[in-house]
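Engineer: Sharing a structure, written as structure tokens. Questions coming.
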Amino acid sequence: MKKITLLVGATLLFWAVFVDAHGPVRQKMKETIDISAAPEEVWKIMGDYQDMSWLPMVEKITGEGGNEKGAKRELTLKDGGGTVKEELKKYDAEKMMYKYKITEMSTVKTMKHLGKEEAIKVLPVSTYSADISVKASKSGGSTVTWKAAFYRAYMNNNPPAELNEEAAVAAVTAVFKAGLENLKTLTEGK
């Protein structure tokens with residue numbers, strides 16, 4: 001009986017240590033917005049992978065490959081916000097959607113954490129992939145859906161506040177909301 005009790009106790013202790021020391025958790029986000037315009041009108045503004053002029057924080061975009069799978073784009077952000085490089089994974093004009101992933105981001109600053117210099121990238125995320133689509137809504141307009149999956153930027157345990165899950169979710173949420181609200185303004189303002 002003592003051996004069983006010791007074994008159960010050791011297992012519980014191991015489990016407690018394991019649970020407490022977990023790494024990053026994959027985050028999934030989804031933002032939607034309803035727009036009072038036909039899906040085709042919305043797609044005219046957002047459907048070209050090489051044109052992100054509807055995203056307020058983008059100053060300029062360069063790219064190659066058009067809307068073909070594997071196309072590349074580089075977003076230069078306003079106010080010295082850095083650059084984000086992305087790759088097109090899937091494009092379907094008929095379904096009015098595309099999927100992409102971030103392949104590289106510039107470092108905007110560094111910080112000391114646990115005795116080591118850590119890079120703070122444009123977005124505090126890693127392994128980011130997303131898709132955006134527009135469909136007809138029940139009200140006669142459109143619904144734009146932007147989804148993403150990603151990990152926090154700091155892949156070890158005990159991340160600094162700037163690189164934890166909350167920072168990653170907050171940053172992506174801010175981009176999504178700003179982009180979708182501006183898309184609505186641009187489309188409905190026509």
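Engineer: Filter the stretch 115-129 down to residues that are touching a Ser or Thr at 6+ places or on another chain (Cβ under 7 Å) and in a strand (DSSP E or B) and give me whichever is nearest to residue 77 (Cα to Cα).
Structural biologist: 121
Engineer: For residues that are open to solvent by 40 Å² or more (accessible area, probe 1.4 Å) and closer than 22 Å to residue 171 by Cα, tally how many sit in the stretch 51-79.
Structural biologist: Looking only at that region, the number is 10.
Engineer: Is there any pair linking a residue in the stretch 46-64 that is under 18 Å from residue 96 (Cα atoms) and touching a residue at least 12 places away in the same chain (Cβ under 8 Å) to one that is in a loop (DSSP other than H, G, I, E, B) and open to solvent by less than 60 Å² (accessible area, probe 1.4 Å), with Cβ under 6 Å and at least six apart or on different chains, and which?
Structural biologist: Correct list of pairs: 46/54; 49/67; 49/71.
Engineer: Can you tell me which residue in the stretch 32-46 is nearest to residue 71 (Cα to Cα), limited to those that are in contact with an Asp or Glu (Cβ under 9 Å, 6 or more places away or on another chain) and crowded, with 16+ Cβ neighbours inside 10 Å?
Structural biologist: 45
Okay, residues lined up against (1) open to solvent by less than 30 Å² (accessible area, probe 1.4 Å); (2) among the acidic types (Asp, Glu); (3) at pLDDT 95 or above; (4) within 16 Å of residue 149 (Cα to Cα):
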| residue | (1), (2), (3), (4) |
| --- | --- |
| 81 | yes, no, no, no |
| 85 | no, no, yes, no |
| 116 | no, no, no, no |
| 120 | yes, no, no, no |
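Engineer: Give the residue that is modelled with the lowest pLDDT, with candidates limited to residues of the stretch 137-186 that are surrounded by 18 or more Cβ atoms within 10 Å (Cβ to Cβ) and part of a strand (DSSP E or B).
Structural biologist: This residue is 152.
Engineer: Any residue in the stretch 126-154 that's farther than 16 Å from residue 105 by Cα: show its pairings with residues that are aromatic (Phe, Trp, Tyr) at Cβ separation under 6 Å, as long as the two are six or more apart or on different chains.
Structural biologist: Pairs that qualify, where the first residue is farther than 16 Å from residue 105 by Cα and the partner is aromatic (Phe, Trp, Tyr), are 132/146; 134/43; 146/176.
Engineer: Further question on the same structure: Whether any residue in the stretch 5-22 is of a type outside the set (Phe, Trp, Tyr), in contact with a strand residue (DSSP E or B) (Cβ under 9 Å, 6 or more places away or on another chain), at pLDDT 50 or above and under 30 Å from residue 164 (Cβ atoms) is what I want to check.
Structural biologist: Scanning the stretch 5-22 turns up no residue that is of a type outside the set (Phe, Trp, Tyr), in contact with a strand residue (DSSP E or B) (Cβ under 9 Å, 6 or more places away or on another chain), at pLDDT 50 or above and under 30 Å from residue 164 (Cβ atoms).
Engineer: Evaluate the following for residue 111: is it part of a loop (DSSP other than H, G, I, E, B), over 26 Å from residue 48 (Cα atoms) and of a type in the set (A, V, I, L, M, F, W, C)?
Structural biologist: Judged against the criteria, residue 111 is not a match.
The values are calculated or read from the model by the stated rules, or taken from the named source; none is laboratory data. What you see is a predicted model, and the numbers here were worked out from it, not measured in a lab. We place every Cβ from the backbone using ideal geometry, glycine too, and count neighbours over all the protein chains shown. Just so you know, the surface numbers come from the protein's heavy atoms only, side chains and all, with ligands and any DNA or RNA stripped out. Shrake-Rupley method; radii C 1.70, N 1.55, O 1.52, S 1.80 Å.
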